[in-house]
Amino acid sequence: MAREGRERGGNRGGDHGDRQGELIDKLVHINRVAKVVKGGKRFGFAALVVVGDQKGRVGFGHGKAREVPEAIRKATEAAKRALVRIPLREGRTLHHEVTGHHGAGKVVLRPAPVGTGIIAGGPLRAVFGALGVQDVVAKSVGTSNPYNMVRATFDALKNEHSPKMIANKRGKSVAEILSARRAVADISPE
């Protein structure tokens, strides 16, 4: 079987450029499974990939195949089909704190001041890197399963709302929403 020009080798978690649409893909996890048959074992591979444009669009995909590169290719295609847009504050962090869960996985995502960086564990770090978030604090509770952690992160990100979205929903101006946010921040105890 001839390999295409996208051979991945053993680079787990690295980014790989994509010529169409400036998407980057990050390999989060590869799982090897063995099926015992007469005459030995047959190996299969499952890949979890996160794809994003580092400007607020991100998606994840899962692919299975007998070869690692084919599993990664399938996962990347699935991730490109599942891209979602996430509103970011100043293009670098989240607007507000959110939590998400999937199965036993629970994640808490918090916005952070400039210069904080991405403080998050492996699979969450890959999602934020592909999304384009530069400052965030995240905590995963309950499981270390990368599939559940990524799905819980996406569950949290889908609950992220910008002040413009909230203003449209409530029939108010963005300035009213932002002034209310500042008023709450001023009276909250440190």
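Given the options 98, 68, 33, name the one that is in contact with a strand residue (DSSP E or B) (Cβ under 6 Å, 6 or more places away or on another chain), within 21 Å of residue 134 (Cα to Cα), modelled with pLDDT of 90 or more and among the β-branched types (Val, Ile, Thr). Write out each step before concluding.
Details: 68 fails: within 21 Å of residue 134 (Cα to Cα); 33 fails: within 21 Å of residue 134 (Cα to Cα).
Sole residue among the options that is in contact with a strand residue (DSSP E or B) (Cβ under 6 Å, 6 or more places away or on another chain), within 21 Å of residue 134 (Cα to Cα), modelled with pLDDT of 90 or more and among the β-branched types (Val, Ile, Thr): 98.
Pairs only if they're at least six apart or on different chains, beta carbon under 7 angstrom, first in region 112-128 and more than 17 Å from residue 28 (Cα to Cα), second surrounded by fewer than 19 Cβ atoms within 10 Å (Cβ to Cβ); list them, first residue then second.
The qualifying pairs are 112/137; 116/137.
Contact list please: Cβ distance under 7 Å, first residue in region 163-190 and closer than 20 Å to residue 88 by Cβ and of a type in the set (Lys, Arg), second residue in a helix (DSSP H, G or I) and at pLDDT 75 or above, pairs at least six apart or on different chains.
164/174
Can you name every residue in region 84-108 that is surrounded by fewer than 17 Cβ atoms within 10 Å (Cβ to Cβ), in contact (Cβ under 8 Å) with a residue 60 or more places away in the chain and either in a loop (DSSP other than H, G, I, E, B) or touching a Gly at 6+ places or on another chain (Cβ under 9 Å) (or both)?
Result: 84, 87, 96.
If I filter region 151-168 down to residues being among the small types (Gly, Ala, Ser) and in a helix (DSSP H, G or I), which single residue comes out as nearest to residue 132 (Cα to Cα)?
Looking only at region 151-168, we keep the residues that are among the small types (Gly, Ala, Ser), and these are 152, 156, 162, 167.
Those still in the list that are in a helix (DSSP H, G or I) too: 152, 156, 167.
Working: 152: 18, 156: 16, 167: 24 Å.
Per the stated criteria, the residue is 156.
Restricting to region 56-72, and then to whatever is outside any helix (DSSP H, G or I) and aliphatic (A, V, I, L, M), can you tell me which residue is farthest from residue 124 (Cα to Cα)? Let's see the steps before the verdict.
Applying the first criterion (outside any helix (DSSP H, G or I)) to region 56-72 yields 56-67.
Those still in the list that are aliphatic (A, V, I, L, M) too: 58, 65.
Numbers: 58: 12, 65: 25 Å.
Here the answer is 65.
The values are calculated or read from the model by the stated rules, or taken from the named source; none is laboratory data. As the structure is a computational prediction, the values presented were derived from the model and not from experiment. Using ideal geometry, Cβ is built from the backbone for each residue, glycine included, and neighbour counts are taken over all protein chains shown.
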